[in-house]
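Working notes, structure below.
The values are calculated or read from the model by the stated rules, or taken from the named source; none is laboratory data. Quantities reported herein were computed from a predicted structural model and do not represent experimental measurements. Cβ placement follows ideal geometry from the backbone for every residue including glycine, while neighbour counts extend to all protein chains displayed. These area figures cover heavy atoms from the full protein model, side chains too; ligands, DNA and RNA do not enter into them. Shrake-Rupley method; radii C 1.70, N 1.55, O 1.52, S 1.80 Å.
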Amino acid sequence: MTAQTDGASATSNAMWGGRFSEAPDALMEAINASIAFDRRLARQDIAGSRAHAAMLAATGILTDRDAEAIREGLLTILSEIETGTFRFDSALEDIHMNVEARLAELIGEPAKRLHTARSRNDQVATDFRLWVREACDEAIAAIEALMRALLAQAEAGADWVMPGFTHLQSAQPVTWGHHMMAYVEMFARDRGRFADARRRMNECPLGAAALAGTSFPIDRDMTAAALGFDRPMANSIDAVSDRDFALEYLAAASICAVHLSRLAEELVIWSTAQFRFVRLSDRWTTGSSIMPQKRNPDAAELVRAKTGRVLGASVGLLTVMKGLPLAYSKDMQEDKERVFDAADALSLSLAAMTGMMADLRADPERLAAAAGAGFATATDLADWLVRALNLPFREAHHVTGALVARAEAAGRDLADLPLEEMQQIHPGITEAVFDVLGVAQSVASRRSYGGTAPERVREQIARWRAALG
């Protein structure tokens, strides 16, 4: 049973030519149509069509008159889309057929010549590459903005001491600047992954046609150059049948989203009354409908949650692609929604995190008060025993553990243990040991490359300031 109007039937039959005598079922139309989401490719689709038409004219396949009519018609359609006056029709399935149908309304016969020497297969592959390439550029710019916000935080607190954690337990003192710079390094790698993916995807599928190329004397180098690609793709089957460029984008986005989620989690923890390390501004928090004292870190929590959308998109597209034979299959229509959704989630998360970090106010006094908790300078004590008393590190570790147990039993910090009690554990300990038990001395001593000493942190800040320009 079908539920198709005569008008839709005529439209569909016109689209498919003489092969079909009946219109598709309404449900077939619904499952087949992609215009609801691939309209986001309108600008890329028109750019590709303009490049294709110009090439067809340059190679003598189209007349200059027809090419000029096509060019003017496509510019009109682009203006209609940008101003919101373009009418999208689901019966025309996708953005390509919607544009082509409108072009025929505007310029008549020349519009029918535009599709010469190309297929929707290479057309959509080109459009989607152009879109994902732009998404990579946008991600890179957004990551750099976040890196600058983190650098500002690191610069302000290059010598603020705070607890460093492992297993979320106090481990060793570090500096606030050092902690912020850890995220700078993470997001720098994310930036690099997007840049690497962009380089690999910058090959043009246009001219591959359905899967085998075309018998027309086209110039694929011309269209590739016109669209900003480095070169045409070398194999026509590969050009239309793979979406690894989208998978690479999603892989980079997934890792970046995980990094954002880790930072968001720390902001959630640090802003609690139990930690009070940081204060998020009113611009990035919300209140409670019943508890007037609440300041909820909702922006950070939502950044943390949106990671699931990005990871899900990656797994979803991998699943779509995993069993497809070459070349094109309609399954691949399911690629775009996932990428669009992931890109939206990542873009919003990066912008929100940049705003939060720009407004964030850390509490240096609170950080310093917590820095020495949990016997955070125990490793400094063990290192001192190695250097000053020439103990093997394993023995120094054992002695330090005994001193920690003694201090814990007495309800004291290591620096508060009397020298006499320390000497009961090891008689060689001298007054000089107290020089290494302060958190400021601890961080200042970590001068190895990549260490937390303020001078090392400032060197890294300067390096990244220069790199980002």
Everything considered on the Cα gyration tensor (a ≥ b ≥ c; rounded for a/c under 1.5, else prolate if a/b is larger than b/c, else oblate), the stretch 254-384 must be described as oblate
Looking only at aspartates and glutamates whose Cα falls under 15 Å of Lys294's and that sit 8 or more positions away or on another chain, we get Asp282
Taking 213-225, 90-102 and ranking on average Cβ neighbours within 10 Å, highest first, one gets 90-102, 213-225
Here the FRET efficiency for Val386 versus Leu326, based on Cβ atoms and R0 = 60 Å and rounded to 0.05, is 0.45
Summing -39500 (n - 2.57) over every DSSP H run of at least 4 in the chain, dividing by its residue total and rounding to the nearest 500, the 222 nm mean residue ellipticity is -20500 deg cm²/dmol
Subtracting the Cα-Cα distance of Leu168 and Arg412 from 0.36 nm times their residue separation yields 85.7 nm
Relative contact order in percent for the chain (Cα pairs under 8 Å, 6+ apart) equals 16 percent
Any lysines whose Cα falls less than 29 Å from that of Lys336, other than same-chain ones fewer than 8 residues away, would be Lys112, Lys306, Lys322
The size of the Cβ-based charge dipole (Lys, Arg +1; Asp, Glu -1) of the chain about the Cα centre, to the nearest 20 debye, is 500 debye
With a Förster distance of 51 angstrom and the Cβ-Cβ distance between Gln441 and Glu138, calculated FRET efficiency to the nearest 0.05 equals 0.70
Loop-resident chymotrypsin sites (Phe, Trp or Tyr not before Pro) in the stretch 401-469 with no more than 15 other Cβ atoms inside 10 Å, DSSP not H/G/I/E/B, are Tyr449
Once His178, His52 are ranked on solvent-accessible area with the largest value leading and a 1.4 Å probe, the list reads His178, His52
Between Arg465 and Glu109, the FRET efficiency computed from the C-beta separation at R0 = 35 Å comes out, to the nearest 0.05, as 0.05
Expected unfolding gain across Ala405-Asn296 under the 0.36 nm per residue rule, minus the alpha-carbon gap, is 35.4 nm
Rounded to a whole %, the carbon-and-sulfur portion of the accessible area of the stretch 23-120 at a 1.4 Å probe is 51 percent
In the stretch 370-468, taking the dipole from +1 charges on Lys and Arg beta carbons and -1 charges on Asp and Glu beta carbons about the Cα centre, the listed residue (Gly401, Ile461, Thr377) farthest towards the positive end is Ile461
Taking a probe of 1.4 Å and leaving out DNA, RNA and ligands, the chain shows per residue an accessible area in Å² of 47 Å²
